[in-house]
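Working notes, beginning with the structure itself.
The values are calculated or read from the model by the stated rules, or taken from the named source; none is laboratory data. All values derive from a computational prediction rather than experimental measurement. Neighbour counts are summed over all protein chains in view; Cβ atoms, including those assigned to glycine, are modelled from backbone coordinates with ideal geometry. All accessible areas refer to the heavy atoms of the entire protein, side chains included, with ligands and DNA or RNA removed. Shrake-Rupley method; radii C 1.70, N 1.55, O 1.52, S 1.80 Å.
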Amino acid sequence: MRHNRLILALIVLGSCLSVAWAAPAEPRSVLDAIPSDAWAAVIVRDLKGLNDKVIEVGQQLGLPIGPGTMAGDPLMMAKGMLGIMEGLNDNGSVALVLLKTDQLTADAFGKSVVLLVPCTDAPAFIEQFATTAPATAADTQASKPAAPPEGITAIELMGKPSFAAVKGGYALVAPEPDAIVTMLKADTSIRESISPDRLALMEKQFDVVIMANVAAAGPALKDTVKNAMMTFMMMATMADPSMASQAEQLITKVDQFLNEASNLQIALALDKAGVSLDFFVQVKPDTPLAKELAACKASEKSLLRGLPADAYILAAGFPTQSSPEKTEQAKVALRGLLDKPMVKQAVDPTKLEDAKKLIDQLVDIGAHGEWSAVSLSALSGEAGKIGLTAVGSIPHGAEKWLRVMRDLIQTGLAMVTDEDIKPILEKFKYNAEAEKIGDAVVDQVVVDLSGIEELDEEDMAKLKTLFGEEGLLFRLAALDPDHVALLFGGGPERVAQVAALCKAGEAPLAANAGIQAIAPHLPKGNRFVEAYIAVDTLLALVKDVAPTLGGEDATITAEVPTIGVPAAVIGVVGKDTQRLTIFVPMQVITGVKDFVTTIMAEKMMPMETESQQDSSRP
């Protein structure tokens, strides 16, 4: 219990200090002070820098934070709460480190936690917390810290006994002296195991990094994680036997990751431009995982090929990642969905087996694809309000893809025997080769809404407003011998437009002004995924359709903010590394905040008016 309280005290100290930019005073990086076999670390690169950024962003959001405000200056308040009078380097880096341990117990973790505090005068920093070590057996039995080894000082931190020592420009603080001894004896650092490109980001860009040194994890940790996964998946399999093969694949993947990964990180960067959340993995060289990363298809060019440059809500693109192993995994996963009891009891077993074979064929065709892209757009006029565009490149396979999709959908509609579901599916009509648009052969899936008792003329009018004159009509197309598409909304013209873009290999949406504006804040390199979310387009669509769906009472009078830039998700691959970054521009954060705040204020106004009227009555 004492260890738990001490760890809590260290976490509070580390987190409070972390809510705090200037150049580091010490030439020695905090990474050099972390042993190479440490299991994990939470690192704040720049105390005052982060503190200043938190204040700046908070003030942008209208929060009462900073000197002279109700919340005050986070760093100054933390120093006051912790009793730090001297010695702290406000411009330094702080790290909470979990050292290697042979046991996964609370007591073992308590003996393995060390906080690295940046100091301008480490001895003075430690001295202000120093206590006198107990000299009698009675004192020791009273759970007070024993006399520490030479060079280690007994201290009291937030009312809890602990220990501290000096290492370079850092004060080492820990619940137990053994952890400090380990830190002082360490002659290799974790820096040596991190790729140079990542080091540059950790030391110059990221404000907070949570790092797991997977390569240093011993059997105690790896076996515990694997056993926990096996127990969880066993329970899931007992509840749903169809998950057995998927569970086995997952356990195998987790075991491979624990054995072949080197470094796992989650990082946060905050500045006036926005917030970045960064996920990173580095694997051991010459391992199957490293070979898998090397084989990962990626491109420095935009992945938004074939998508029209219109008012998008979501746009994403990615190269097709295929291998015999991944193809088989996809087949197993999709078969598993069809093998679920709730599916099997509602369908004809013979047609179910036919559907499985068609799915296998479709996966095999997709494995020969090169890339895919998808967008959700806000349309206008007779085209309706919402458009979906999904396109893909399958060299010399487009015609076969359409044929198998046609057979699969028709089989899926025909195999259902459940009397409650059949009337719904009877509304779905598949029209093969319904259109020939240029070179594109187009099939249609139409949802016939007529005859549904629950829908009156007013409801039908609303649906036409939302989905356009064509109603619920989906198009599946072989655009040419090499490209396929799934389209909703936009009519036949959309098919011709997408076909021309795919044939020319063009990505006009990539030239969007908002996408270009955030490009400097996104990772550079070979991308394996590229996605954007235009929040202002989404909010405008919500405001537009709200009265149609909810009536006049649902009308939103708040003005949609002019944001102009999207949030982004970008994945890049390097030598033995993979990185996924989520970037949310500050315009998005403040725009959403202002929009939601305005709506909430409008909702509160009737209540306030009613309350005022009640109070004025005699």
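Between a first residue in the stretch 444-465 that is of a type in the set (D, E, K, R) and a second residue that is part of a helix (DSSP H, G or I) and exposed (fewer than 12 other Cβ atoms within 10 Å of the Cβ), which pairs have beta carbons less than 8 Å apart while being 6 or more apart in sequence or on different chains? As it stands, the answer is Lys462/Leu549, since those pairs meet every condition given. Restricting the stretch 455-500 to residues that are modelled with pLDDT under 95 and of a type in the set (Lys, Arg), which is nearest to Pro547 (Cα to Cα)? Among residues in the stretch 455-500 that are modelled with pLDDT under 95 and of a type in the set (Lys, Arg), the one nearest to Pro547 (Cα to Cα) is Lys462.
Restricting Lys331, Lys351, Lys356 to those that are in a helix (DSSP H, G or I) and open to solvent by 50 Å² or more (accessible area, probe 1.4 Å) reduces the list to Lys351. Filtering the stretch 359-385 to residues that are open to solvent by less than 70 Å² (accessible area, probe 1.4 Å) and over 30 Å from Cys296 (Cα atoms) leaves Ala378, Leu379, Gly381, Ala383, Gly384, Lys385.
Please note which strands (runs of 3 or more DSSP E) are completely contained in the stretch 142-244 and include at least 1 residues that are aliphatic (A, V, I, L, M) and surrounded by fewer than 16 Cβ atoms within 10 Å (Cβ to Cβ). Strands (runs of 3 or more DSSP E) meeting the threshold: 208-212.
Residues that are open to solvent by less than 30 Å² (accessible area, probe 1.4 Å), touching a Lys or Arg at 6+ places or on another chain (Cβ under 9 Å) and part of a helix (DSSP H, G or I) are absent from the stretch 314-326.
Scanning the stretch 284-300 for residues that are open to solvent by less than 70 Å² (accessible area, probe 1.4 Å) and either part of a helix (DSSP H, G or I) or within 18 Å of Pro523 (Cβ to Cβ) (or both) yields a count of 7.
Among the residues of the stretch 71-82, is there at least one that is among the acidic types (Asp, Glu), open to solvent by 20 Å² or more (accessible area, probe 1.4 Å) and over 30 Å from Ser36 (Cα atoms)?
The answer is yes, given that some residue of the stretch 71-82 is among the acidic types (Asp, Glu), open to solvent by 20 Å² or more (accessible area, probe 1.4 Å) and over 30 Å from Ser36 (Cα atoms).
Looking only at residues in the stretch 265-283 that are of a type in the set (S, T, N, Q) and open to solvent by 10 Å² or more (accessible area, probe 1.4 Å), the one that is farthest from Thr252 (Cα to Cα) is Ser276.
For the stretch 570-584, the set of residues classified as closer than 12 Å to Gly274 by Cα and either open to solvent by 60 Å² or more (accessible area, probe 1.4 Å) or out of contact with any helix residue (DSSP H, G or I) (no Cβ under 6 Å at 6 or more places or on another chain) (or both) consists of Ile582, Val584, listed by residue number. Do we have Val391 as modelled with pLDDT of 90 or more, open to solvent by 40 Å² or more (accessible area, probe 1.4 Å), under 23 Å from Phe467 (Cβ atoms) and not in a loop (DSSP other than H, G, I, E, B) here? Judged against the criteria, Val391 is not a match.
For every residue, the table says whether it meets (1) modelled with pLDDT under 90; (2) over 30 Å from the mean Cα position of the chain (by Cα).
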site: Arg5; (1), (2): yes, yes
site: Ala9; (1), (2): yes, no
site: Cys16; (1), (2): yes, no
site: Ile34; (1), (2): no, no
site: Lys53; (1), (2): no, no
site: Leu61; (1), (2): yes, no
site: Met76; (1), (2): yes, yes
site: Leu104; (1), (2): yes, no
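Here Val446 meets the list (1) modelled with pLDDT of 95 or more; (2) in a strand (DSSP E or B) almost entirely, failing just condition (1). Summed over the stretch 525-549, residues that are over 19 Å from the mean Cα position of the chain (by Cα), open to solvent by less than 50 Å² (accessible area, probe 1.4 Å) and either at pLDDT 90 or above or among the hydrophobic types (A, V, I, L, M, F, W, C) (or both) total 8. Going by what's in this entry, would Gly68 be described as among the small types (Gly, Ala, Ser), within 30 Å of the chain's Cα centre (by Cα), surrounded by fewer than 21 Cβ atoms within 10 Å (Cβ to Cβ) and assigned to a loop (DSSP other than H, G, I, E, B)? No. Taking the criterion of being surrounded by 13 or more Cβ atoms within 10 Å (Cβ to Cβ) and over 28 Å from Val374 (Cα atoms), the residues of the stretch 334-343 that qualify are Asp339, Lys340, Val343. Residues in the stretch 550-604 that are of a type outside the set (Val, Ile, Thr) and over 26 Å from the mean Cα position of the chain (by Cα): Gly550, Gly551, Glu552, Asp553, Ala554, Ala558, Glu559, Met600, Ala601, Glu602, Lys603, Met604.
The residue that is farthest from Leu293 (Cα to Cα), counting only those in the stretch 519-558 that are in a helix (DSSP H, G or I) and touching a strand residue (DSSP E or B) at 6+ places or on another chain (Cβ under 6 Å), is Leu541.
If you check Val94 against the conditions, is it modelled with pLDDT of 80 or more, surrounded by 21 or more Cβ atoms within 10 Å (Cβ to Cβ), closer than 27 Å to Arg191 by Cβ and not hydroxyl-bearing (Ser, Thr, Tyr)?
Spelling it out, Val94 is indeed modelled with pLDDT of 80 or more, surrounded by 21 or more Cβ atoms within 10 Å (Cβ to Cβ), closer than 27 Å to Arg191 by Cβ and not hydroxyl-bearing (Ser, Thr, Tyr).
Inspect all residues belonging to the stretch 539-556 and state whether any of them is of a type in the set (Ser, Thr, Tyr) and over 24 Å from Leu463 (Cβ atoms). No, every residue in the stretch 539-556 fails to be of a type in the set (Ser, Thr, Tyr) and over 24 Å from Leu463 (Cβ atoms).
Residues in the stretch 426-443 that are modelled with pLDDT of 90 or more and either in a loop (DSSP other than H, G, I, E, B) or among the hydroxyl-bearing types (Ser, Thr, Tyr) (or both): 3 in all.
Ala519 falls short on exactly one of the conditions (1) surrounded by 19 or more Cβ atoms within 10 Å (Cβ to Cβ); (2) on the phi < 0 side of the Ramachandran plot, and that condition is (1).
Residue count for the stretch 473-482, restricted to those that are touching a Lys or Arg at 6+ places or on another chain (Cβ under 9 Å) and open to solvent by 20 Å² or more (accessible area, probe 1.4 Å): 2.
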